[in-house]
Every structure is written in structure tokens, then in C-alpha cells.
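Have a look at the structure below before the remarks.
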Amino acid sequence: MAYCLREVVEEDGRRHRRWHWGGRIESDAVGDAQQLLCLLYPPQELPELSYADPDATGEAVLDALGTLGDPVEIPIRVMRIIKDYMIRHSDDDGVPVYSGGSNMHRVDRSREADPEQRAVDVTEGFALAIPLSIASLIFLADFAPTAERLGRRPLIEERQEVEAMVHKRLLGALIGLLRSFSVAAYDETDEEGRRLIDLINVDGQAPRKIIRRFRDNASEIIGTLRDITLGSGGTAGVEAPTKLFEIGWSWSVVEKAPEIGFVSDQDVQRPGRAQDAPYLYFTVVAIEAVAGLFSPRVIRRNLLNDEEQQLAQALQLRLDVTRRYWASVASFGGGSKWPLEDVPWRTTDGLEYDYYSLLVCAVATDAFGTARGDDDLIRLGRVLIELANRGRITRRALAGETAIEMHFPGVPSELTGIEKIGGPPMRWNMVDFAPLLLKRLIHAASLLSTIGSRAELLDVADQVWDHLARRRLRDGGAANLWDQPHQVYGEIEHFFNDPSWFFTIRVVEAMVLGARFAASDPARSRELERLAHELLLEAEHIYDQELFRGSGAAGPSLSQEIQAVGITIRHAKDIVAERPGTAYSLGVRALLELDRLVSAGRDAETGV
């Protein structure tokens, strides 16, 4: 927090602290959203970290945010930081912008970028606006009673003004994601088609047979694409019987994307610039953003207005079909080897990186967990473990290994179409392999019910966290933020004083996911549950025998002891489905206690 608050001196000599936007790169809509989410996202997902209500703010939260003020000042300050972001990243007409700015890198360093290139809205900008808007709306709703209680009319009106700004940004983001969705169809003779066939043809079959199997697997997906008529996407020619295709999100609004006619604010619909083709990275960030709209906490809050809900439902259709598509491609053939297991993943534009395998895991995990169960998740988990090794996180890196480049300067993705504006081709660098891997390990583990496999993934997750902890900045105002890859990979010569918000928010997301997982119910062993049931049957039978013998009606002391055993058995039976290990332990305790009581009773009968 100290890094984000800078002391400024006004013309009249007064000193005060002002929020500092930017970090390792200059301020832009994407980086500033990542920075602000580091402040807003944790309390949205972990209510014990909330600071919207001064009376309910915990001491640990006050210690962390103390530089923002006292418990009353903190939410007011945060509200104004949100307002500052909304104003800062809107154009002169007040229309939100979602540009990538400094995140775009020139492919040809000898040419200067055109300012219009850096001003183009990007899919990551749309995607980040969704969790940012949701977290802001939750915060503002929780802060409303405090504003009313303080009784300051300007403060109440300011809160309402900020809320309207957030809804405007959310609306534009939903529209932007609808118009960035892409369906790309290929013929067998196209380079992209040949590469897709090579990717999924793990059994070495004839291409025509692969195409038939691909289309048989995709028949329901094609049917769903017919219902996608809003924004961009649709069937795009995929219904022809010889067509292969990919679906997902492009890097920005696709070229010639139609406008959405029914929305109240038409100003947010800027011309499309991007190649009409899916990009794996932008598909993943879009999926995670859209999925957040349908989390139980958001649904309970009823945060979206009617217009936003209509757009969100259209996005949910795209979310579901995209997950199904990539899960199908990742496990194509369903045999002894999946395309996903043939690391690294190879894209239809000819690139192959371990990072892309990780992205496919990110898209496919939910589909595997909800529809297929543990067997497929275990196979996906093995891929994640292999990626941790190949990425030189759980295994020592050798000098000159290309795996190190994945951590810095990162995996490049060319933004095809942006060069048409004028200026050089541009690319987007992805450097979040390690925190994204941690997220995927925790997520896959949370879906597994097989205890051994879950424990194996969590052990690797612990190693990835140790790796990330070593990459924290150690000195200066940015201490304990991320990322300093030089501290793990010595041959990376760059040394940073400022944080990467791109990297830090990924770590924060992983930490929040880990905290939610830790608070969830433990994994249940079916074998242990069976043993617990059998053990409790024995305990209950012996208990009934003791009651029949009259132990329950014996002296007060013995009666109380036998009744206590009965309570233990009943409690164990109540929890055996949720906590079989605990039920088993209680059953053992009950049996030992019954054995003692039976022995004591026999001794009393024989006069020993």
C-alpha cells in the first residue's frame, strides 16, 4: 500500500497523499485495473477482509490499509480511488476506454508506435472491467449504509455517481466481449486446418477420418453456435461437412463486428480492429471474467440491471460452448493419449509453447470436473505437474534454457490487425506462467475427490508458491509485491524496483483461490467412508447390547458414561458422509469406551 500512496505538495504548500497509478509500465486502463483489483478483489471473495463497514473492519485489515486513514476514512478513500479510475480511463465524452497502452510492444523496435494503436480497446481491458465493476459494486453497496449513517448528503450523492460510472463501464465491457468473440473455420487444405489435424491426430489416422470424428464430437457445439447471433461469432461457415474450426475470443473487437442495436448506450461500440480468430490467452481471460458474473455471491447480490443481465446471458452461452469445445479438442479421441498430454500445445498459427498447454488446461478444467469426474481430472493434473517441471519451477533450470524466457520476457502474441491503423505490428507479452499454474493446480485439486491425487497436486502447488515467494520484490516501497524473476533465474539480467501489476494480480487471485479452498470441506475418501460405516455399525451393535443388559439403567455414573457413548455414535453417523475420517476416529473412541465399560461390567458381575 505504501507504494501506491505518494506524498504531493500543493501550490499553497499543503501536503497530502495521493493514489499513484502505474508501476513497472506507465498507467493505462489495463494495468490500473489490475492495480485496483489488488485492493478490491480480496474483500469481494473473502468477506472477513472487507473494509466497507468501519464497525466490521478487522484489525489485520486496518494494519494493512492504515496509510489510507482510519476505519471511516478508508472506505471513503477507496470510493474516490474507484472514481478516479473511472474518470481517468474515459475519453473526452465520458465513454469508458479499455486500452492496453503500455502492455503493447513493438515487433519492429526501429518504428514508433502510432498513439491510436495504443488507444485501441483490448479484450483483456474488457475482461478486467468485469471483476473490477463487480467488486466495485459490491463495495459501494456495502458502503451505502455507512454513507447514510454519516449523514453527509454530498457523500451519498458521490457514492451514487460512482455507482453510475461503474455500471457504464460494465455495460461497455459486456458489449466489448460480445463483439470480440470469434469463430474461425478452416478447410483441410488450409495451413490452420492442417495444423489442427496434426494436433489432434494422436493415433496417426487418415485426415478425412479425423475430420469426421472431429465433426461428430462437435455436433452439439455447432448446434449451439447457431444460437449465437448477438455481436460477433455465429456459425461462420462451420456447418459445411468438411470444415474444421476454432472458437474463443480475439485480442479485441473483431474487424467488421456488428453493433448491438438494443443497448441504451451506443457510444461504447467502437470499430473492430482485430483479426477474426481466437487467441488462447484472451480466451482464458474472457472465460474467467464471464464466469465471475455467475458466481453464487454475485447472483445473490442481484447486482446487474436488466440490460446487463441480457448481455450476460448471451456471454454465458459463449462461455459454455467455448469450454466444451476446448475440452473436446484437449481430449480428442479419448484414448491412451490426449492432444493435451502431448506437451507443448501447438496452435493453428504455428506456435508451440508450454504456456499454451497451461492455457488449454485453464479452459478445460471446469468441463472435465463437472461432466467427467476424477479420471480425466487426474490426467489433466499430471499435465500440470509436467508443466511445473518443464517450466523449471519444481526442477532446477540449466543455463540458457528457453524455459526461462517464458518467465521473462514472456510468451509473445502478435496482435494481428493493429498494424492496419498505421505503425508497426504489435504484440502482447504473457509473463504469468507461474501464478497461472498455481491457480490451475488449486482449482483442479478443489474438484478432485480422490484424496491421493488431490494431495499430489497440492504438494506441487506448495512448491509453486515457494517459487513465487522467492520472486517477491525485497526492498523499497514495492517490497513484497511482484515480480523479481532474477532472484530465481540468475541469468535474467533485468532488476526491477517497481511492481508488475499484471503479475501481482495473478498472484493475488491464486492466493484468494487458495484461501477459499482451505475454507472448503476436506476431501472425502470413499474407502474411509465405507470403513467408518462398518465400524459404527459394530459400535452401535455393542452399544445396543449394553442397553439391553441394563447398563443404561445402572448407577448414575455408569448411566452417564453409556449415554455419552451413544451421543458420540450418533454424532459420528451424522457426519460420516462429509467427514469420514473424523467419523472413523469417533467410532474408534466409542468402541474403546464400550470395551472398557463391558470389561468393567464383567468384573463387577464376577466380583473381581
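Laboratory data are not the source of any read-out in this text; all were calculated from the coordinates shown. What you see is a predicted model; the values in this text were computed from it and never measured. Every residue, glycine among them, receives a Cβ derived from its backbone with ideal geometry; neighbour counts consider all protein chains shown.
Here are the numbers:
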| read-out | value |
| --- | --- |
| Residue 545-residue 449 pseudo-label distance in nm [points 7 Å out on the Cα-to-Cβ vector] | 3.4 |
| DSSP bridge pairs, region 160-518: antiparallel proportion in percent, nearest 5 | 95 |
| Centroid-to-centroid separation of region 432-468 and region 292-368 [C-alpha atoms, Å] | 19 |
| Peptide ranges 240-248, 430-438, 111-119 listed from the most packed, as the mean C-beta count within 10 angstrom indicates | 430-438, 240-248, 111-119 |
| Using a Förster distance of 56 Å, the FRET efficiency for residue 588-residue 73 (Cβ separation, nearest 0.05) | 0.55 |
| Contact order normalised by residue count of the chain, Cα under 8 Å, 6+ apart, percent | 12 |
| Pairs from 256/420; 168/256; 83/439 whose Cα-Cα separation, in the structure shown, is over 21 Å | 168/256; 83/439 |
| Segment residue 220-residue 466, length gained on full extension (0.36 nm per residue, minus Cα span) | 84.3 nm |
| Sequence ranges 347-354, 275-282, ranked by mean other-Cβ count within 10 angstrom, highest first | 275-282, 347-354 |
| Packing-based ranking, highest mean first, of 97-108, 449-460, 153-164 given that Cβ atoms within 10 Å are counted | 97-108, 449-460, 153-164 |
| Label-zone membership for region 34-78, site residue 84, 7 angstrom Cα→C-beta point, backbone N under 16 Å | 34-40, 65-70, 73-78 |
| Sequence-distant lysines (8 or more away, or on other chains) whose Cα lies within less than 18 Å of residue 209 | 243, 337 |
| P(r) of region 345-414 over all Cα-Cα pairs, binned every 5 Å from zero, in whole percent | 3, 15, 23, 21, 17, 12, 6, 2, 0 |
| Summed side-chain charge close to residue 483 - residues other than residue 483 whose Cβ falls under 13 Å, Lys, Arg +1, Asp, Glu -1 | +4 |
| Shape call, region 1-108: gyration tensor on alpha carbons, a/c limit 1.5 | prolate |
| Contour excess over end-to-end distance, with Cα ends at residue 577 and residue 187 and 0.36 nm allotted per residue | 135.2 nm |
| Scattering profile of the chain at q = 0.05, 0.06, 0.08 Å⁻¹ [log10 I(q)/I(0), Debye over alpha-carbon scatterers] | -0.28, -0.39, -0.65 |
| Nearest-0.05 FRET efficiency for residue 401 and residue 56, computed from C-beta distance (R0 51 Å) | 0.55 |
| Options 229, 185, 64, ranked by Cα towards positive dipole end of the chain, top entry (Cβ charges) | 185 |
| Quotient of C-alpha Rg and 2.2 N^0.38 Å, computed over region 160-518 | 1.01 |
| At most 15 other Cβ within 10 Å, DSSP loop - GluC sites (Glu not before Pro), region 380-433 | 401 |
| Normalised contact order of region 283-381, rounded percent, pairs of Cα under 8 Å and 6 or more residues apart | 23 |
| Spatial separation of Cα centroids for region 161-237 and region 39-101, in angstrom | 36 |
| Cα extents of region 268-404 along the three principal axes, largest first (Å) | 54, 38, 29 |
| Inter-part distance where region 571-594 and region 251-290 are each reduced to a Cα centre, Å | 55 |
| DSSP bridge orientation in the chain - percent antiparallel, rounded to nearest 5 | 95 |
| Segment residue 534-residue 48, extension gain: residue separation times 0.36 nm, minus the distance between their alpha carbons | 171.0 nm |
